[in-house]
Amino acid sequence: MAVDAPLQVYNTLTRRKEPFETIESGRVRMYVCGVTVYDSAHVGHGMSAIVFDVIRRYLEHRGYDVRHAQNFTDVDDKIILRAHREGITPDALTERLIDEWLADTDALGIQRATVYPRATQEIGPIVAMIEGLIERGHAYPVDGDVYFRVRSFSDYGKLSHRQLDDLLSGARIEVDERKEDPLDFALWKAAKPGEPSWESPWSAGRPGWHIECSAMCSTHLNGVVDIHGGGADLIFPHHENEIAQSEAFLGQEPFARYWIHNGLLRLGDEKMSKSLGNMVRIREILDRGLGPAFRLMVLQSHYRAPLTFSEEGLQAAERGLARLRTAASDAASPLASEDNAETASTDILPLVAETQSRFHAAMADDFDTPGAVAALFDLGRAINRVRGTGVASPEVEAARVTLVELAGILGLTLEDVAVPLAGDAAPFIDLLVRVRDDLRAAKQWALADTIRDGLVAQGIAVEDGPTGSTWRRA
RNA sequence: GGCGCCAUGGCCAAGUGGUAAGGCACGGGUCUGCAAAACCCUGAUCGGCGGUUCGAAUCCGCCUGGCGCCUCCA
């Protein structure tokens, strides 16, 4: 593999790209905020999952041993409300939605995290951390609740680059007289009647939203992590609060070395979000077989930039993906020699090397997937060009293998997917296509066209080449 | 009101000091019984104004337009 350039990673905390250095040599501890499971996952979640999946795949490609933790927030107001509406227990609801999440992300080709801790299964460590914060004077109990004392943490605001006083001027914060400061946030909430609860020194209750991630980083990633990621909408207050809790508790900084945030997916001119109700579920695009196209669409935009989700964008990606698949296909048909075949085929070797270096340089520069993808398209075009001359040479095969491997680092599978998708029908389609070939040889074009049209109507594209016909799923 | 981001060809989208990646679409070709696929050719001086510089899409200022966060949110 080509020598990799030093990896540069953009850090939200410092607002600049920094050389990537891990706490432990060769190992990466990565914590990515997961979802609150009260509804199905939408494509915005899918985008985030794909972004961090690619980051992880690339780090692993560079030889890092990545320990990846992603939480499920499985207790909160919305879950309780939703479960009540459906007439089921919160547990039944979250169990179902977690299964759904795993099925959806699996189908998107996302590697499973190393661990998927759940808030309700981390109560012990959470309570311990809250006790520690109270002991250190960073938190205080009130009527069974426990709040974090924001003024006790001098660095508060450093991630989102805000001043405490600026935040107050926002004036959208409900004033709770029991809190010392309006910005103090809950670490523990006493349960109301009928709500799920766990015993604690302060009340039967449940953890606040932010504390679970801090506790999970402690129990699953040794407290301090290399990468802490999530959507840009988590920067404030969630990640800001996590920093306050963890650094106040640990008595050291930084709690996370690199804060990585993906830009948000938009629908039309506004952010896609559950609260706005303008979501498109991941399942909807998976059912249409557009999962891979969605991944390519995400990759063709930089992860930190916002991306607008659109049907046209999906279709454009699907077309582009088809071209890459053609180039990566094993089944390309060789033909008798052509004059320019030899030159074309030898010229491709330097391009293979160039593609490798372009790809790696792009990825090493803060995961510039659009640049990496552009290199793949250039290589794909070169392969198709040589193929067009009908020559299958070792050089082209080398290019093809490179294309497939590099795409694999991005989680894109290019090799033949048509036959498996056609399932049991494949042998019959093969038969029809062979019969049609005989008809064409006999110049029985009307009949040949009838067969082709029939297959097309069934979603099978038939393409006639110099040495016979091939088919693929359209 | 505070903090921040963005504005690149028809659409999407990289590039952050040396004279504009890539994808999709359109048009014109090659190939082909036809079709499809594939390949080839064709298109932008980078929102506006001013400044810094030998040189700016790329740095600075102002303006216009759009977006995000400040409240649950990937």
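The values are calculated or read from the model by the stated rules, or taken from the named source; none is laboratory data. A quick note: this is a predicted structure, and the numbers were derived from the prediction, not measured. Cβ coordinates were reconstructed from backbone atoms using ideal geometry, including for glycine residues, and neighbour counts include every protein chain displayed. All accessible areas refer to the heavy atoms of the entire protein, side chains included, with ligands and DNA or RNA removed. Shrake-Rupley method; radii C 1.70, N 1.55, O 1.52, S 1.80 Å.
Sorted on the mean count of surrounding Cβ atoms within 10 Å across their residues, most packed first, peptides A:60-72, A:239-251 read A:239-251, A:60-72. If you take every DSSP beta bridge whose two residues both sit in the stretch A:8-282, what share of them, in percent to the nearest 5, is antiparallel? That works out to approximately 50 percent antiparallel. Is the stretch A:8-282 rounded, prolate or oblate when judged by the Cα gyration tensor, a ≥ b ≥ c being the square roots of its eigenvalues, rounded requiring a/c under 1.5 and prolate requiring a/b larger than b/c? Here the stretch A:8-282 falls in the rounded category. Straight Cα distances below 17 angstrom link residue A:443 to the aspartates and glutamates A:453, A:463, A:464, with same-chain residues fewer than 8 positions distant left out.
As a test of the formula, what do you get for chain A when each DSSP H run with n ≥ 4 contributes -39,500 (n - 2.57) and the sum is divided by the residue count, at 222 nm and rounded to the nearest 500 deg cm²/dmol? Computed ellipticity for chain A at 222 nm equals -14500 deg cm²/dmol. For chain A, find the longest principal axis of its Cα atoms and tell me its angle to the long axis of helix A:123-135, 0 to 90°, nearest 10. Relative to chain A, helix A:123-135 is tipped by roughly 50 degrees.
Residues whose amide H lies under 5 Å from that of residue A:231, counting only those 5 or more places away or on a different chain, are A:262; hydrogens are built 1.01 Å from N in the peptide plane. For the stretch A:6-21 and the stretch A:82-99, what is the separation of their Cα centres, given in Å? Result: 40 Å between the Cα centres.
For the stretch A:120-168, the carbon plus sulfur part of the accessible surface works out to 42%, probe radius 1.4 Å.
Based on protein heavy atoms only, chain A ends up with 45 Å² per residue of surface accessible to a 1.4 Å probe. The charge dipole of the stretch A:418-473, taken about its Cα centre with unit charges on the Cβ atoms of Lys, Arg (+1), Asp and Glu (-1) only, comes to about 60 debye.
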